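Encoded as structure tokens, the structure appears first; notes follow it.
The values are calculated or read from the model by the stated rules, or taken from the named source; none is laboratory data. Note that the structure is predicted; figures quoted are calculated from it, not measured. Because the Cβ atoms are built from the backbone with ideal geometry, glycine has one as well, and the counts that use them run over all protein chains shown. Please note that ligands, DNA and RNA were not included when accessible areas were found on the heavy atoms of the full protein model with its side chains. Shrake-Rupley method; radii C 1.70, N 1.55, O 1.52, S 1.80 Å.
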Amino acid sequence: MASPVLPLCALYGGTFDPVHYGHLKPVEALAKEVALHQVTIIPNNVPPHRPQPEADSQQRKAMVELAIAGHPLFKLDDRELQRPTPSYTVETLEQIRREQGARQPLAFIIGQDSLLSLQRWHRWEDLLGLCHLLVCQRPGYPVSMDTAEQQAWLEAHRTTSVEELHASPGGKIYLAPTPLYAISATAIRQRLAENLPCDDLVPPPVLAFIQQRHLYR
Ligand code: ATP
């Protein structure tokens with residue numbers, strides 16, 4: 001008897017300080033392109049590679065909840081916020097792999113900037129043994145890797161086949177032709193500090209939350 005087909009499970013990590021349309025819109029397009037039924041957003045607690053977030057964990061979680069309310073594509077997983085230790089993506093993926101079993105197709109979504117810096121991530125060599133990488137385009141970042149060696153690594157794992165993503169548990173990199181959004185959380189925090197409008201950058205309930213709590217002032 002043939003084994004049942006397991007739907008591709010997609011995970012999306014980040015600081016989300018705050019969550020913005022540059023996080024959400026490309027991933028909505030990606031979901032259509034790759035036939036994702038659900039994307040699980042996993043906000044991280046103490047991002048190892050960067051300055052600490054300005055909003056605290058619970059505020060960042062609340063903003064993601066507000067942003068995805070009424071969007072059944074997205075769901076939130078707060079496991080990294082519950083850990084006191086740094087959030088290493090590889091460890092979260094190992095945990096999810098243990099929970100879901102070896103056959104489950106798993107994908108981790110990143111932007112092009114994260115692909116370019118991936119080889120600085122903790123135990124980055126282990127990532128493709130745990131999942132596929134789905135990469136959204138991001139304006140302002142080169143489309144090729146920094147070195148010939150990194151580019152060769154990318155080409156060795158790259159697929160253009162959506163079917164392949166669904167048919168295997170991990171190991172492939174898919175560069176998705178997602179629409180470009182020139183939005184970053186850094187620029188939003190700066191704009192808010194300068195009292196500039198952010199209506200086109202952040203969902204309205206998130207902006208209301210930021211204003212009510214005087215975040216990023
Ligand atoms: P910051 O400006 O504080 O560094 P950010 O806007 O890059 O934040 P993160 O929470 O660090 O947001 O990003 C989470 C994930 O979302 C990363 O993989 C990142 O590449 C991706 N991402 C963020 N903004 C965009 C965007 N505008 N287009 C495509 N991907 C994005």
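Quick check on segment 69-79. Is at least one of its residues assigned to a strand (DSSP E or B), under 26 Å from L180 (Cα atoms) and not aromatic (F, W, Y)? The answer is yes; a qualifying residue exists. Among the residues of segment 64-104, the ones that are open to solvent by 60 Å² or more (accessible area, probe 1.4 Å) and of a type in the set (A, V, I, L, M) come to 3 in all. What's the total number of residues in segment 154-167 that are open to solvent by less than 80 Å² (accessible area, probe 1.4 Å) and more than 16 Å from the ligand (Cβ to nearest atom)? Residues meeting the conditions: 8.
Charged (D, E, K, R), outside any loop (DSSP other than H, G, I, E, B), in contact with a Leu (Cβ under 8 Å, 6 or more places away or on another chain) and within 15 Å of the ligand (Cβ to nearest atom), is that true of R138? So R138 fails the test. A search for C-beta distances below 6 Å between a residue of segment 174-188 that is closer than 26 Å to E54 by Cα and any residue that is within 6 Å of the ligand (Cβ to nearest atom), counting only pairs 6+ apart in sequence or on different chains, returns Y181/G22; I183/G22; A185/D17. Counting the residues of segment 59-113 that are among the hydroxyl-bearing types (S, T, Y) and in contact with a Leu (Cβ under 9 Å, 6 or more places away or on another chain) gives 3.
Restricting to segment 1-45, name every residue that is in a helix (DSSP H, G or I), more than 10 Å from the ligand (Cβ to nearest atom) and either in contact with a Lys or Arg (Cβ under 9 Å, 6 or more places away or on another chain) or of a type in the set (G, A, S) (or both). If the condition is that a residue be in a helix (DSSP H, G or I), more than 10 Å from the ligand (Cβ to nearest atom) and either in contact with a Lys or Arg (Cβ under 9 Å, 6 or more places away or on another chain) or of a type in the set (G, A, S) (or both), then A29, A31 are the ones that fit.
Could you check segment 22-67 and list, in sequence order, the residues that are within 16 Å of I210 (Cα to Cα), of a type outside the set (S, T, N, Q) and modelled with pLDDT of 95 or more? Hits for segment 22-67 are R60, K61, A62, M63, V64, E65, L66, A67. Selection over segment 174-217 of residues that are of a type in the set (F, W, Y) and either away from the ligand (no atom under 16 Å from the Cβ) or open to solvent by 50 Å² or more (accessible area, probe 1.4 Å) (or both) gives a count of 2. Among the conditions (1) of a type outside the set (F, W, Y); (2) more than 9 Å from the ligand (Cβ to nearest atom); (3) in contact with a strand residue (DSSP E or B) (Cβ under 6 Å, 6 or more places away or on another chain); (4) open to solvent by less than 20 Å² (accessible area, probe 1.4 Å), the only one that G170 does not satisfy is (4).
Taking segment 111-133 as the range and being away from the ligand (no atom under 15 Å from the Cβ) and polar (S, T, N, Q) as the test, no residue passes.
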